[in-house]
Every structure is written in structure tokens, then in C-alpha cells.
Amino acid sequence: MQTQDRATTSNVVAAIAASQNYLLSIQHPAGYWWSELESNVTITAEAVLLHKIWGTDRERPLHKVETYLRSQQRNHGGWELFYGDGGDLSTSVEAYMALRLLGVSATDPAMEKARSFIIARGGITQTRIFTKLHLALIGCYNWHGIPSLPPWVMFLPKAFPVNIYEMSSWARSSTVPLLIVFDRKPVFQINPAITLNELYAEGYDQASFELPRKNDWTDLFIYLDNAFKLAEKLNVVPFRAEGIKAAERWIIERQEVTGDWGGIIPAMLNSLLALRCLDYDVADPVVERGLKAIDHFAIETEDTYRVQPCVSPVWDTAWVMRSLVDSGLAPDHPTLVRAGEWLLSKQILDYGDWAVKNRDGKPGGWAFEFENRFYPDVDDTAVVVMALNAVKLDREQVKEGAIVRAINWIASMQCQAGGWAAFDLNNNQEWLNLIPYGDLKAMIDPNTADITARVLEMLGLCQESIDTPNLEQAYSKEVAKGITYLIGEQETEGCWFGRWGVNYIYGTSGALSALSLIAPQKTQLAIERGAAWLVQCQNSDGGWGETCKSYDNPALKGQGKSTASQTAWAILGLIDAGKATGKWSKLAIQRGVDYLLATQQSDGTWDEAEFTGTGFPGHFYLKYHLYQQYFPLAALGRYQTLWPLEEN
């Protein structure tokens, strides 16, 4: 490494200034920060399908989608679930479908290459349920191979082991509209009409349109599904019409004024499909709002058009604020004041779906997106609280009131196991992930180590600054249960699993920051073990990295190409661990800082192609385009305050 990349005072100060200047330059006039949230190409492919079904494709620049999809195809012929994964079957089938819908011939060289990739991996019959569903909508897959979802599910009581509120918020908001779609089993006529018979490895005529059996107890779900299908065939589905009506009402009630449903594209797409099945007109205000909401998730360039799975302005704004304060920007800087006021305006004071199982909590959370009043989440709320706590606003009393409301809401969301989940309380029936419909293994929202750590870190930071008598004492039971849960989640190597970020580096960093603040003496051994694990998985270039494949293969914990965001997480965790225990991993921290200095670009930014955010472990990953900016800045800022930096 060259001398100019060493962590000297002047180099660190210059890197911080460049990073701050970049972030300050991209703040929206309204006060927030927001950058692209990238996923795989299926989100865009499914948007193409939706517009074809509604006949609204000519009103949008979908011809640019072809350029985008071609740019994302890899040399092996397929499309990826995350950067560098070697290609994913379901993702590739949906990309191929979208290109055919856009008029690309099956004999196009890119399509022939894609077809070879798809056939070699088993073809359409080996894809996930949701890929098969999208194909069934246009007659390219047989509905018999899709699980049944009876509409009477809407009437299962909340005390029953199975009901829509035992599903995760994202599964619920996507599933209720599918009750209508699965009941109708539509095959929409589109232009151009296509078949995808060429993607059946065994040949379409030889394909088996059956749910796969595992030859274990879970095959009971197959027998149950067969019973549902028989009831449909005989037209003896109980409460069918009433269930459809209840699902329709549920959908309409949960549409935001902006047109969004659940703040996520799958819920938005499925809701619009349900309305199409119910013969809503394209000019209906509900439909118009919904289609415009999807437009707002799209990113159009001169040549391309793509759709994000979600948008993250609240999350990005809170983290940028924290990084700017951590790196020395004055807490009352006008930029931070403007951002803080924007966040205050986004606090959700409505009762959402969380209140179904949480009878005692009062509203006070924040959501991930611009608007999502039914689904505030604990993680966003905790980060917003820490961001607001770090800045000084003109309306300090209003700010403190908002923080207290948020802390009270979060406290009420603690799960029985002692941790915190993202959106719901005690949403943990793991068997739901085993039903045929749940092949993404994301039907529930259990408490996790990373969100629990965030809550504990928030309480640790706020306990001395919020004007609430004995904050620590007021939540002593919640804190004690949370610490016990978090310690119990530490793995034998010393690391923690990261549910919402990739992966053990993310989880371990968060746990170290939390325990170091909330219980440094009581958990010293756990902190030391976590820090030692981070040190031992540092790469030779000084950085840290972890592949998304570690979710499927635990042997890959902490292993992967170095990235700016994951390096920053490791540095932050090690710094906090050192403060708590007095045992500093000084060389590892400095090497990590050297890596950040060496990889920072001339405009103050960092770049990484890897996906370091997680949607559904093993099945859906995210690249937050600002992760590589604000986390390195926070790491450099906290490093700067540690000890006198070596001068050359």
C-alpha cells in the first residue's frame, strides 16, 4: 500500500471532508437523502408483465427495459440474484420472459444463450413458485402446478394458528391480493402472445405440473392442497364470494394516498393483479394511483428503464445524519436541522397492522419509505431515534417528544423470546416456511440479533440525553431480556447472524456496538469473542467482505471480496469493542482505515459492485447505493477521535 494511503491525520481529515462534501451535495432540498435500492432483474420483469396485462405498456418507456435486461445478462447466459453469484434459474426465466414480452425473438443470440443456461439448470419446472405464477398468468405454465390459496383464509380468527396476521408483513401484503388471483386463475391475453415451451428441459408435453414432494411429513401440505383443488373443481369452496369481498376491501383500505401498498413492489404488483381479476377499469382512481406508484419506483436513464423493489429515504437519511455527526459536522448544522425536521414530519401516528397483535402499544414509529403508514418498522425507528438524538433542532421539545413516543412504541414491540423483529410482534411460526407457497422461506418475521442489537444501541445512546426520568430504569426489564437474547444468539465462533445485512460481519458489528454501550462489563467476554472473530476474518488487503453465499453455506462466514460498507461495519464494531473492553485491535482497525483511504475515489465516494443488503436470506438481496458512502464516513469519523494518528 502506498504511503499516501496510510491513516495519517491529514489523509483521514481529507477523506472525511471529501466524503462529507459529496453527501452534502446530494441532499434533496426537502431535507432527505435517497439513492437507488437495487435488486435483481425480476422486479423490472414483473413490472413489464403487469403493464402488458393492463395494456398500459405503451404509456411507459418499456422499450428501454430491453437495453437494461441485456446489460444485466452475464457471459454464462443467465441473470444473477446478486452480483457474482454465477446466475440464478428463476431470475433468468423471468428476464427471458420479459424480453419475449418486449418482442425479442427466441432466436436472438442472447436468448439462445439464456435458453442454454436455463435448460442446463432444469428449466421452468425447477423454478420458484412465484416465477411459475407469473408464467401462469399468461398461459406459459399450468395453474395446476400452483398452490391453492382459498379465499376463506381471510376469515381465520386471529387466535387461530394460521391467519393472515401470522404471516410477515411483506408476505401478508402480497398474499391477500393473491387470494383473489389464485381463485380466478386468469390467463390474460397479451400482445405479443408468447409461449415459453422452449424453456421446458423435459419438453412442455412431458412436464409435470405438480407441487414437488419431499417424501417427509411436509407432504401433508400436498394432500391438503389436493383437497383445496378438488373443492375448487366441484365449486364447493366455503365462503368463497365473501372471502373475495373481504380481500378486496382489505386491499382498498391499505392503499396509501400515494398509491402504494406496503411500500414494496410485490404487494403493489399483486394488488393491481387482484384488481384486474375483479374487472376494475384502468381509469379507476385506485388503479391509476397504483400504477403511478410503481412509476415512482422506476429509474429511467437515457437508454434504460428499471424498477426498484422499494425506496429507502427514511433509512438513508437517518444513516447519513449519523455519519455526518460522527465525522465532525456540528449537530446544529443547517443541513442536519433540515434533515431532522423532515424526519419529524415522517413519524407515523396511525395504528397499523402491528396493532393486531400488539394491543398495548401506541403509535410512534417510522417506516422505510416516503409513505407507509400501515407498516412502520423497529429497525428504521431505532436508527431515526439515534439520528435525531445526535442533532440539535430548533424544536428540541418536539424532537424529544417524538423520540419518547418512538422508544415507547419499540418497547411495546419486544417479542416473547426477548428480541425484536422488524414489523410485528411474535411473528414466529416457522412451519409456515414449509408450506409449498412459502418456498422463499420468508413467511414470518421473527426477532433477530441485528434488530435487537439496534434497539439496545439506541437505548444505550439515549439513556443520558433524553429528558425522561431514569430511562434506563424505565426499560430495565426490556433491556435485560434483550441482552439475554442477544448473548444467546452469539455463535460458537464468536459472531452473530445478520438477517438484514450480509451477513455475520453485519450482525457482529451491530451486536458489538450494542453490548459495548448497554452492558460493557456484564458482556465483556462476548464482546471480546466477537471482536476476535472480526479480526481473524480480515482480508489481506486490510478490508472485510462477506459473500451472500454465507447464508446458504455457513463455512463462508466472514469470507468474501473486501467492500467499503462491510469494512466500515467491521471497523465500527472493533472501535466500540475497544472502548468497552480497553483491548484495542489497533492494527486491524488501522489496516481497515488504510483500505478505505486507498479505495476512496477522487470525488469523495466509494464504489462496490457487491450486494451487502438482505431481503430474504438465500433468496433476495439488495444493494443500497448509499451504504458505500455513509458507513465508511462514519467509520473514518469515529476512528479520527480515537488516538493521535501517525504522521509521516
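The values are calculated or read from the model by the stated rules, or taken from the named source; none is laboratory data. In this text the structure is predicted, and so the values were computed from the model without any measurement. As a convention, Cβ positions derive from the backbone with ideal geometry for all residues, glycine included, and neighbour counts pool all protein chains shown. Keep in mind that these areas ignore ligands, DNA and RNA; they rest on the heavy atoms of the full protein, side chains included. Shrake-Rupley method; radii C 1.70, N 1.55, O 1.52, S 1.80 Å.
Check 547, 567 and return the single one that is in contact (Cβ under 8 Å) with a residue 12 or more places away in the chain, within 29 Å of residue 440 (Cβ to Cβ) and among the hydroxyl-bearing types (Ser, Thr, Tyr).
547
Name the helices (runs of 4 or more DSSP H) wholly inside the range 180-298 in which the number of residues that are in contact with a Phe, Trp or Tyr (Cβ under 7 Å, 6 or more places away or on another chain) and surrounded by 17 or more Cβ atoms within 10 Å (Cβ to Cβ) is 1 or more.
240-253, 265-277, 285-296
Would you confirm whether any residue within the range 388-396 is under 26 Å from residue 174 (Cα atoms) and in contact (Cβ under 8 Å) with a residue 40 or more places away in the chain?
Within the range 388-396 (the criterion being under 26 Å from residue 174 (Cα atoms) and in contact (Cβ under 8 Å) with a residue 40 or more places away in the chain), the answer is no, since none of the residues qualifies.
Do we find that residue 412 is hydroxyl-bearing (Ser, Thr, Tyr), open to solvent by 20 Å² or more (accessible area, probe 1.4 Å) and within 25 Å of residue 373 (Cβ to Cβ) in this structure?
Criteria met by residue 412.
Please go through the range 369-381 and pick out each residue that is under 16 Å from the mean Cα position of the chain (by Cα) and crowded, with 22+ Cβ neighbours inside 10 Å.
Those that are under 16 Å from the mean Cα position of the chain (by Cα) and crowded, with 22+ Cβ neighbours inside 10 Å: 369, 372, 375, 376, 377, 378, 379, 380, 381.
Which one of 404, 398, 455 is in a helix (DSSP H, G or I) and within 21 Å of the chain's Cα centre (by Cα)? Spell out how you get there, then give the answer.
Working: 404 fails: within 21 Å of the chain's Cα centre (by Cα); 398 fails: within 21 Å of the chain's Cα centre (by Cα).
Result: 455 is the single residue among 404, 398, 455 that is in a helix (DSSP H, G or I) and within 21 Å of the chain's Cα centre (by Cα).
So residue 26 ticks every box in (1) open to solvent by 20 Å² or more (accessible area, probe 1.4 Å); (2) touching a residue at least 12 places away in the same chain (Cβ under 8 Å) but one. Which box is left unticked?
Only one criterion in (1) open to solvent by 20 Å² or more (accessible area, probe 1.4 Å); (2) touching a residue at least 12 places away in the same chain (Cβ under 8 Å) is unmet by residue 26, namely (2).
Scanning for something open to solvent by 40 Å² or more (accessible area, probe 1.4 Å) and of a type in the set (Phe, Trp, Tyr), does the range 582-593 turn up at least one residue?
Within the range 582-593 (the criterion being open to solvent by 40 Å² or more (accessible area, probe 1.4 Å) and of a type in the set (Phe, Trp, Tyr)), the answer is yes, since at least one residue qualifies.
Picking from 353, 332, which residue would you name as being within 20 Å of the chain's Cα centre (by Cα) and surrounded by fewer than 22 Cβ atoms within 10 Å (Cβ to Cβ)?
Being within 20 Å of the chain's Cα centre (by Cα) and surrounded by fewer than 22 Cβ atoms within 10 Å (Cβ to Cβ) holds for just one of 353, 332, which is 353.
Output the residues belonging to the range 417-440 that are open to solvent by 30 Å² or more (accessible area, probe 1.4 Å) and either of a type in the set (Lys, Arg) or free of Cβ contacts under 8 Å to residues at least 60 places away in the same chain (or both).
Within the range 417-440, 428, 430, 431 qualify.
Name the one entry in 36, 94, 46 that is under 22 Å from the mean Cα position of the chain (by Cα), modelled with pLDDT of 95 or more and within 28 Å of residue 321 (Cα to Cα).
Answer to the check: 36.
Out of the residues in the range 122-138 that are over 24 Å from the mean Cα position of the chain (by Cα) and crowded, with 21+ Cβ neighbours inside 10 Å, which is farthest from residue 235 (Cα to Cα)? Lay out the reasoning, then the answer.
Taking the range 122-138 and keeping what is over 24 Å from the mean Cα position of the chain (by Cα), we get 122-126, 135-138.
Then drop every residue that is not crowded, with 21+ Cβ neighbours inside 10 Å, which leaves 123-124, 135-138.
Details: 123: 33, 124: 30, 135: 25, 136: 21, 137: 21, 138: 24 Å.
Per the stated criteria, the residue is 123.
Report, by residue number, each residue of the range 538-569 that is farther than 12 Å from residue 592 by Cα and either in a loop (DSSP other than H, G, I, E, B) or more than 18 Å from the chain's Cα centre (by Cα) (or both).
Taking the range 538-569 as the starting set, the residues that turn out to be farther than 12 Å from residue 592 by Cα are 546-561.
Correct list: 546, 547, 552, 553, 554, 555, 556, 557, 558, 559, 560, 561.
Please go through the range 346-378 and pick out each residue that is farther than 30 Å from residue 636 by Cα and either in contact with a Ser or Thr (Cβ under 7 Å, 6 or more places away or on another chain) or part of a helix (DSSP H, G or I) (or both).
Those that are farther than 30 Å from residue 636 by Cα and either in contact with a Ser or Thr (Cβ under 7 Å, 6 or more places away or on another chain) or part of a helix (DSSP H, G or I) (or both): 353, 354, 355, 356, 358, 360, 361, 371, 375.
Any residue in the range 232-245 that's on the phi > 0 side of the Ramachandran plot and without any contact (Cβ under 8 Å) to a residue 60 or more places away in the chain: show its pairings with residues that are open to solvent by 70 Å² or more (accessible area, probe 1.4 Å) and part of a helix (DSSP H, G or I) at Cβ separation under 7 Å, as long as the two are six or more apart or on different chains.
Taking only residues 6 or more apart or on different chains, not a single pair turns up.
Identify the residue in the range 139-163 that is open to solvent by 10 Å² or more (accessible area, probe 1.4 Å) and aliphatic (A, V, I, L, M) and, among all such residues, is farthest from residue 424 (Cα to Cα).
Per the stated criteria, the residue is 149.
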